[in-house]
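K.L.:
I have a structure I would like to understand better, so I am pasting it below and will then ask my questions one at a time.
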Amino acid sequence: MEQAEPGVDRGATIHRWARSPSRAALVEASLIAAVALTLNLAGNGRFDLFDRDEPRYAGCMRAMRQSGDYLHPTFNGVPRYHKPILIYWLMLAGTAVGGDNPFGLRLVSALSGAATCLLTWAWGRRMLGPGAGRLAALLLATAPIMVVESKMATTDALLTLLLTSCQVALWTLNRGPSKLAAAVFWAALALSVLTKGPVGVALVAAAGLVSWAVRGPSTCWYRLHWKWGLPGFAIVTLPWFLAIGIMTRGEFFRVAVGQQIVTRVVQALEEHSGFPGYYLVTTLLTFYPWSTLLPAAVLGAWVRRRSTPDLAVLLGWVIGPWILLECVRTKLVHYYLPAYPACALLTAWLVETLARVGIGLRRWPLGRVGLGTFAALGAGLTLALVHLGLFVLPRPIAGPCLAVAAVVAVGTSLGFGLFRGGHSSQAAWTLVGTWAVVLLILGAWLVPAADPYRISAALGPRMAALLAREVAEPITADYKEPSLIVSLGRPAAPLLTRTWLIDQIERHRKVVMALLPGELAQFRGYPGIETELSETVRGFNLSKAVSSGCWRFSAETKSVS
């Protein structure tokens, strides 16, 4: 039996080890990762892919695996040059671990979102202190926009992780030379280009320019080891871009750069336009409740930007991307996602500062405005959810909707009371718990309950089953959502003209289509074509709920016998 050393209290030794800073940090990081992963993964395998982006990425990934061509993305038998290659490779790895299903397809984003929260925690501890780092990570983990994008099989959560890595590396270099930080910067920047093209470079540059304007020249750019960093960046990025350029004879760059970047800057693509101040309004809604504290945090950081240079770095990261994206004509909510870690850090800094100096939020500049906005939005959200649950939604969805309303109402009331009483730190932690519960209910209960009512979730499997019973060819008419193509598991040609349709019927004897009510009546009036209604599918189309209605019909169209 092992003997204890004389004079050593083993219990005290274990107690000191358990309370050591490294042990506490490990436990803290584990808890933050657990919270973020739970919210990001909850329910992911219980609801189908959302139109339109998720099915496009999934379709390209599956086409790569089926064809064995891992360089050239295609969707529905047509080349897709909208995004570079990295996300498809990572989704292949994700499905290898989690299965070729919605859970596996979304795994990369879920892990990226959780990793971003951990990176924000680590950076916040070094920059602002352990309390601010801990709070910032949990603010980000419970921000609705961060959780939603971390549950989507798209590029945005991954891009946010990579650009946050770039910002942390630049901040580290500003404190002193570091070959490791320089290597991290170049690697993360290169991978961001392989994820979403030069967008990442533009966002990093915009943040850097604003930080320079706010604080003055920075030394980090001189410590990037350009002599080996830039060649390393080229080694990572150029091979695939050169290969795809040669394979497509330059067509990839015409679409990816000419259409997806240049055209998006000068005009609104796919009706995704926005008004001046679009990202201010959308941030207020998608980053709630933390967005209501953000103006006060930005103003406080601006006043202290000279005395506290780290705040100037965060201001650059918040303001630079916002200015850049406001100048782009095509606007989408998730474009601003890479700036939210900085928003979380500024908000956490405000809460920690209020607690340290012992003043309430109402005594801080713009604090009263933030408190009033918080209460108004919380009350409005509660009333909207109650109305939907009692009078609009079917019973399976009404239950979780009312549960969310109850949690929001209680959390808003408690948070408002604590803020008014000057207990800002307790209010923030109360809201962390509130929104963790809200987002857990949404992901694990409400969205899965609503999935059977989504037309994209119902129509594709039924049409695939119909094709399995019939020897027929699938064709898409007005309803051509990408989820339909993914559900079919095979390409479906788009309807061109009536003559073309008749030719297809003569060639295949029978075709299967999904038709709108108006289209069904039109097809029944075509001479030489017999239209047979196989079944009616009703549901809600999130992509075009307003512009084209929400009812969809599945019909079998075949030639006259």
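Readers should treat all values here as calculations from the given coordinates under stated rules, not as data from a laboratory. All values derive from a computational prediction rather than experimental measurement. Neighbour counts are summed over all protein chains in view; Cβ atoms, including those assigned to glycine, are modelled from backbone coordinates with ideal geometry.
K.L.:
What is the Cα convex hull volume of the stretch 34-136 when expressed per residue in Å³? Working shown, then result.
P.N.:
Details: hull volume 12.4 nm³, N = 103.
Hull volume over Cα atoms, normalised by residue count, gives 120 Å³.
K.L.:
Can you tell me the FRET efficiency between ARG362 and THR219 if r is taken as the Cβ-Cβ distance and R0 is 41 Å, rounded to the nearest 0.05? Write out the running numbers ahead of the final one.
P.N.:
Working: r = 40 Å, r/R0 = 0.96.
For ARG362 and THR219, the calculated efficiency is 0.55.
K.L.:
Using modelled backbone amide H atoms (1.01 Å from N, in-plane), which distant-in-sequence or interchain residues come within less than 5 Å of LEU515's amide H?
P.N.:
Under 5 Å from the amide H of LEU515 lie the amide H atoms of PHE553, SER554, ALA555, each far enough along the sequence or on another chain.
K.L.:
Compare the peptides 444-452, 91-99 by average per-residue count of other Cβ atoms within 10 angstrom and give them in order, highest first. Intermediate results must be reported in sequence, preceding the final value.
P.N.:
On the way: 444-452: 19.6, 91-99: 17.2.
Ranking, from highest mean packing down: 444-452, 91-99.
K.L.:
Still on this model: Report the percentage of all Cα-Cα pairs in the stretch 124-208 whose separation exceeds 22 Å, rounded to a whole percent. Show your work: numbers first, answer last.
P.N.:
Values: 1230 of 3570 pairs.
More than 22 Å apart: 34 percent of the Cα pairs in the stretch 124-208.
K.L.:
Which order do the peptides 303-313, 409-419 come out in when sorted by mean C-beta neighbours inside 10 angstrom, highest first? Don't jump to the answer; show the numbers that get you there.
P.N.:
On the way: 303-313: 17.8, 409-419: 19.5.
Put in order of decreasing packing, that is 409-419, 303-313.
K.L.:
Next up: So, by mean Cβ neighbours within 10 angstrom, what's the order for 342-354, 77-89 with the highest one leading? Walk me through the intermediate numbers first.
P.N.:
Working: 342-354: 25.9, 77-89: 18.8.
Order by mean packing, descending: 342-354, 77-89.
K.L.:
Under 1.5 on a/c is rounded, so check that first for the stretch 222-345, then, if it is not, pick prolate when a/b is larger than b/c and oblate when it is not; a ≥ b ≥ c are the square roots of the alpha carbon gyration tensor eigenvalues.
P.N.:
Details: a/c = 3.08, a/b = 1.39, b/c = 2.22.
Judged from the Cα gyration tensor, the stretch 222-345 comes out oblate (a/c at least 1.5, b/c at or above a/b).
K.L.:
How far, in nm, would the chain grow between LYS227 and ALA93 when pulled straight, counting 0.36 nm per residue and subtracting the alpha carbon separation?
P.N.:
On the way: separation 134, 0.36 × 134 = 48.24 nm, distance 3.31 nm.
Full extension from LYS227 to ALA93 adds 44.9 nm.
K.L.:
Moving to a separate point now. Neighbouring Cβ atoms within 10 Å as the yardstick, rank TYR288, TYR57 fewest first.
P.N.:
Working: TYR288 20, TYR57 27.
In increasing order of surrounding Cβ atoms, one gets TYR288, TYR57.
K.L.:
Continuing with the same structure: Please sort through the DSSP H helices of the chain and keep those with an alpha-carbon extent of at least 27 Å along the long axis and a Kyte-Doolittle average not below 0.0.
P.N.:
21-41, 107-128, 156-175, 226-247, 367-387, 395-420
K.L.:
Continuing with this model, one more query. As a footprinting exposure proxy, order ILE244, ILE235 by other Cβ within 10 Å, with the fewest listed first.
P.N.:
Working: ILE244 21, ILE235 11.
Ranked by crowding around the Cβ, least crowded first: ILE235, ILE244.
K.L.:
Provide, for q = 0.22, 0.27 Å⁻¹, the log10 of I(q)/I(0) from a solvent-free Debye sum over equal Cα point scatterers in the stretch 466-544.
P.N.:
-1.23, -1.76
K.L.:
Another question, then. Starting from the Cα-Cα distance between GLU251 and ALA202, subtract it from 0.36 nm times their residue separation and give me the gain in nm to one decimal. Display every interim value, and only then the final one.
P.N.:
Numbers: separation 49, 0.36 × 49 = 17.64 nm, distance 2.28 nm.
Computed gain between GLU251 and ALA202 is 15.4 nm.
K.L.:
Along its principal axes, what span do the Cα atoms of the chain show, with the longest given first and each in whole Å?
P.N.:
95, 69, 61
K.L.:
Moving on. To two decimal places, what compactness ratio does the stretch 367-451 give when its Cα radius of gyration is scaled by 2.2 N^0.38 Å?
P.N.:
Working: Rg = 13.8 Å, N = 85, 2.2 N^0.38 = 11.9 Å.
In units of the globular-protein estimate, the stretch 367-451 measures up at 1.16.
K.L.:
In the chain, what % of DSSP beta bridges are antiparallel (nearest 5)?
P.N.:
Values: 14 of 21 bridges.
Around 65 percent of the beta bridges assigned by DSSP in the chain are antiparallel ones.
K.L.:
Can you list residues whose amide H is under 5 Å from ALA493's amide H, if they're 5+ apart or on another chain and H is modeled 1.01 Å from N?
P.N.:
THR476
K.L.:
At 0.36 nm per residue, and after removing the present C-alpha to C-alpha distance, how many nm does the segment from ALA183 to PHE540 gain when stretched out fully?
P.N.:
On the way: separation 357, 0.36 × 357 = 128.52 nm, distance 4.78 nm.
Between ALA183 and PHE540, full extension yields an extra 123.7 nm.
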